[in-house]
1. Hey, could you check the stretch 56-74 for residues that are away from the ligand (no atom under 15 Å from the Cβ) and in contact (Cβ under 8 Å) with a residue 24 or more places away in the chain and say which is surrounded by the most Cβ atoms within 10 Å (Cβ to Cβ)?
2. Consider residue 141 carefully, then state whether it is buried (at least 19 other Cβ atoms within 10 Å of the Cβ), modelled with pLDDT of 95 or more and touching a strand residue (DSSP E or B) at 6+ places or on another chain (Cβ under 8 Å).
3. Quick test for you: out of 128, 135, pick the one residue that is modelled with pLDDT of 95 or more, surrounded by fewer than 16 Cβ atoms within 10 Å (Cβ to Cβ), in a helix (DSSP H, G or I) and of a type in the set (D, E, K, R).
4. Residue 51 versus (1) of a type outside the set (A, V, I, L, M); (2) touching a strand residue (DSSP E or B) at 6+ places or on another chain (Cβ under 6 Å); (3) not in a helix (DSSP H, G or I): which is the lone unmet condition?
5. Counting only residues that are over 23 Å from residue 236 (Cβ atoms) and modelled with pLDDT of 95 or more, which one in the stretch 29-46 is farthest from the ligand (Cβ to nearest atom)?
6. I'm checking my understanding of the structure. Among residues of the stretch 2-17 that are of a type in the set (A, V, I, L, M) and in a strand (DSSP E or B), which one is surrounded by the fewest Cβ atoms within 10 Å (Cβ to Cβ)?
7. Looking only at the stretch 144-175, count how many residues are among the polar types (S, T, N, Q) and buried (at least 21 other Cβ atoms within 10 Å of the Cβ).
8. Enumerate the pairs (first residue in the stretch 149-168 and more than 14 Å from residue 191 (Cα to Cα) and away from the ligand (no atom under 11 Å from the Cβ); second residue anywhere and part of a helix (DSSP H, G or I) and of a type in the set (Asp, Glu)) with beta-carbon separation below 8 Å, excluding pairs fewer than 6 apart on the same chain, so at least 6 apart or on different chains.
Amino acid sequence: MAGYLDLFSLQGKTALVTGARTGIGQAISFGLAAAGAHVLLLGHRDNLDETKAKIEEVGGSYETVLIDLSEIKQIREKLQPVLEKHQIDILVNNAGVIYREPAVDYNEQEWMRVIDVNLHSVFILSQEIGKGMVERGSGKIINIASLLSFQGGVFVPAYTASKHAVAGLTKSLANEWAGKGVQVNAIAPGYIETNNTEAIRNDENRSKSILERIPAGRWGRPEDLAGAAVFLASPASDYVSGHVLVVDGGWMGR
Ligand code: NAP
């Protein structure tokens, strides 16, 4: 059995994680670094100090990459120097935004921003970074989906549309690339304590009704997602393809 856990090792691998400044992206960056990966922390402002400090605590290695994923037309150009410098083995498309408003009043600019960051940028990064993976015959892409990849949500039509599409894109790319050694999968987090859910956590009634439905009896924490990401980034998941792994304390089973 010696060395069996090497199946989960990311030693020698380079990962790029989007939205690495906070929440789930920060926890996943930490998890991948702790498993041995060199992590490229992608943010849109140079304020990733908290994530860097956590990675330093475990002696992990990182670099930062600054790209605004809402500026769709600039993504490919800004990614080029990164691709020239690094062979990216693992891509985690985590960055995401949410905008809440009743559908009849829904702001169209916000609709576009949500679709651009949550979906359009995911395709562009997957295409640009996936190309190299397909050429080399190996790679892992992990998209962060949502329970709203399955359900409708309330007052979040753009977010729900984007996250349903992320699940579809995951399966579409997985079908094309599984035979070429590239595994594309997604993680669908349940209700996690991050900036993304601050508004509903501050709404006492909403927060209470959500908690009542979670069999685990608590909201999720960002670090609850790290193990699933390490698994999907590692050789342990080499035969897992096109899967949306729900990490939700049991919500979907209820
Ligand atoms: P979060 O703390 O708000 O994280 C979102 C991250 O995306 C932030 O680091 C943010 O950076 C970054 N980001 C936003 N706009 C960007 C842009 N234009 N370019 C580059 N980066 C950008 O919330 P989170 O919950 O961890 O969200 C991470 C992912 O999990 C999202 O895709 C979200 O939809 C998904 N998710 C969350 C939950 C939940 O319950 N929390 C449930 C299901 C799915 P700044 O903070 O610097 O703007």
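The values are calculated or read from the model by the stated rules, or taken from the named source; none is laboratory data. Note that the structure is a prediction, hence the values are computed from the model and not measured. Quick reminder, even Gly has a Cβ in these numbers, built from the backbone with ideal geometry, and neighbours come from all protein chains shown.
1. Among them, the one singled out is 60.
2. So residue 141 passes the test.
3. Within the list 128, 135, the selection yields 135.
4. Only one criterion is unmet by residue 51, namely (3).
5. The extreme case among them is 41.
6. Looking at the filtered set, the residue picked out is 16.
7. Of the residues in the stretch 144-175, 5 are among the polar types (S, T, N, Q) and buried (at least 21 other Cβ atoms within 10 Å of the Cβ).
8. Short answer, once both residue conditions are applied: 158/110.
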